[in-house]
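To start, the structure itself, in structure tokens.
No value in this document is a laboratory result; all are computed from the given coordinates. Small disclaimer: the values here were computed from a predicted structure and weren't measured. We place every Cβ from the backbone using ideal geometry, glycine too, and count neighbours over all the protein chains shown.
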Amino acid sequence: MIKNDLFLRALKGETVERPPVWMMRQAGRYLPEFMEIKEKYDFFTRCQTPELASEITVQPIRRYGMDAAILFSDILVIPQAMNIEVQMKPNFGPYLPNPIRTQKDVDNVVVPDVTVELDYVYKAIKATKEKLNNEIPLIGFAGSPWTILCYCVQGQGSKTYDKAKKFCFTNPVAAHQMLQKITDTTIAYLKQKVKAGCNAIQVFDSWGGMLSPTDYQEFSWQYIQQIIDALKDETPVIAFGKGCWFALDVMAKSGASALGVDWTCSPKNARYLTGGNITLQGNFDPTRLYSSPEKIKEMVTEMINQFGKDKYIVNLGHGILPDIPLENAKAFIDAVKSYKA
Ligand code: CP3
């Protein structure tokens with residue numbers, strides 16, 4: 001049994017004393033203890049070494065006492081396991097030197113045996129569960145198939161993902177084959193993560209908002225729906241689509257336990273679009289953590305009042321930024337912990 005089960009209870013829609021809180025990308029560069037490890041080991045070494053990945057996962061918990069931990073890893077371990085080279089370049093981000101651009105490229109992509117290729121992730125989960133000692137739940141995650149395709153085709157981060165969209169719109173048959181290969185790999189991978197000890201799963205559709213509402217259904221949502229269908233009887237699933245408020249109505253009927261919302265959608269509108277019954281997660285503007293601790297506390301309290309304390313998980317609307325002062329991150333977490341309805 002997990003001692004602090006606020007997060008799991010909120011996912012079930014149960015009444016809670018206060019909403020649970022965690023932060024997307026909470027294990028990261030704003031923490032000096034993270035930077036210490038980052039100086040010594042490159043990115044994928046950190047991901048692939050269970051002792052390092054588990055240590056990084058629990059760092060923010062030790063410092064701030066969030067109500068859930070999220071495994072230190074990356075969404076790009078999936079294309080890597082599919083035999084697509086992924087590099088993490090310092091001060092640049094992900095770089096894939098051989099992007100997927102043709103039918104032949106797609107034919108060459110393998111659907112791997114995830115029990116072998118991603119064994120290091122399950123080992124990291126087991127090591128993390130030992131460190132967490134049943135105090136709080138552990139979240140496992142994957143990128144949405146569309147978001148993974150964005151990196152595979154674009155070859156790097158982008159503001160528009162124009163090359164990824166061009167591939168989908170000029171070669172939809174190959175694009176759908178690629179999306180299905182990613183989906184099949186992701187489902188098998190997430191099932192193993194749950195087996196290894198993850199208590200919930202979040203699917204990050206970071207670039208879903210690049211698509212029009214119609215294209216979103218065709219190129220992104222239908223594959224996330226497959227993932228939810230395959231996982232929902234084994235674990236709670238959170239679907240987070242950045243910039244995807246337009247799809248919240250469909251998402252609410254998917255069988256997901258919760259939906260992530262970014263800061264461009266008001267709590268009221270998110271409740272309205274989702275029918276008021278599903279647990280929502282979000283949606284503090286990450287740059288609002290630049291405000292003073294006093295202002296953060298005031299805004300977080302107001303955000304909880306707006307969403308309501310039940311069926312709600314406090315989070316940012318996207319990942320925490322690297323230059324957020326430590327005391328501001330603390331103010332965010334503490335504001336939730338001291339919340340009184
Ligand atoms: O605390 C956590 O959230 C767990 C760890 C985590 C990382 N990446 C570690 C990481 C998670 C959940 C991710 C998910 C991820 N990775 C997403 C989806 C979430 C989102 O932010 O939209 C995406 C799009 C990626 C791809 C990715 N990985 C990018 C674009 C970058 C470079 C930009 C950046 O933030 O630095 C990464 C690298 C990465 N993944 C870092 C970390 C802590 C920073 C680089 C490093 O540590 O060397």
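Numbers for the structure displayed
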read-out: Hits among lysines - C-alpha to C-alpha of Lys163 under 30 Å, sequence gap 8 or more where chains match; value: Lys89, Lys104, Lys181, Lys242
read-out: P(r) tail fraction, the chain - alpha-carbon pairs more than 26 Å apart, %; value: 46
read-out: Using a Förster distance of 35 Å, the FRET efficiency for Asp249-Glu33 (Cβ separation, nearest 0.05); value: 0.25
read-out: Unit charges on C-beta of K, R, D, E only; dipole of the chain, Debye; value: 380
read-out: Estimated FRET transfer efficiency (Tyr41, Asp119; beta-carbon r; R0 25 Å; 0.05); value: 0.85
read-out: 14 Å cut-off, amide nitrogen to a point 7 angstrom out along Arg63 Cα→Cβ, residues in segment 320-335; value: 320-334
read-out: Highest average packing first - 70-82, 127-139, Cβ atoms within 10 Å; value: 70-82, 127-139
read-out: Interchain or long-range residues, amide H under 5 Å from Leu316's placed H; value: Met24, Phe284
read-out: Amide H contacts of Gly241 (H built 1.01 Å from N, under 5 Å, at least 5 apart or other chain); value: Asp205, Gly260
read-out: Selected from Cys150, Val109, Asn133, residue furthest toward positive end of dipole (segment 106-158; charges at beta carbon); value: Asn133
read-out: Translational diffusion of segment 157-262, µm² s⁻¹ [Kirkwood Rh, Cα pairs; Stokes-Einstein; 4 °C; 1.567 mPa s]; value: 90
read-out: Three-way shape call for segment 111-202 based on the alpha-carbon gyration tensor, with the a/c threshold at 1.5; value: prolate
read-out: Segment 292-333: proportion of alpha-carbon pairs further apart than 15 angstrom, %; value: 46
read-out: Linear extension gain, Lys159 paired with Arg9, 0.36 nm per residue minus alpha-carbon span; value: 50.3 nm
read-out: Degrees separating the helix 326-337 axis from the principal Cα axis of the chain, which is the longest one; value: 70
read-out: For segment 15-88: relative contact order, % (alpha-carbon pairs under 8 angstrom, 6 or more apart); value: 33
read-out: Partners for Lys295 among lysines (Cα-Cα distance below 24 Å; same-chain residues under 8 apart left out); value: Lys268, Lys309, Lys330, Lys337, Lys340
read-out: Taking N as its residue count, the alpha carbon Rg of segment 1-42 over 2.2 N^0.38 Å; value: 1.71
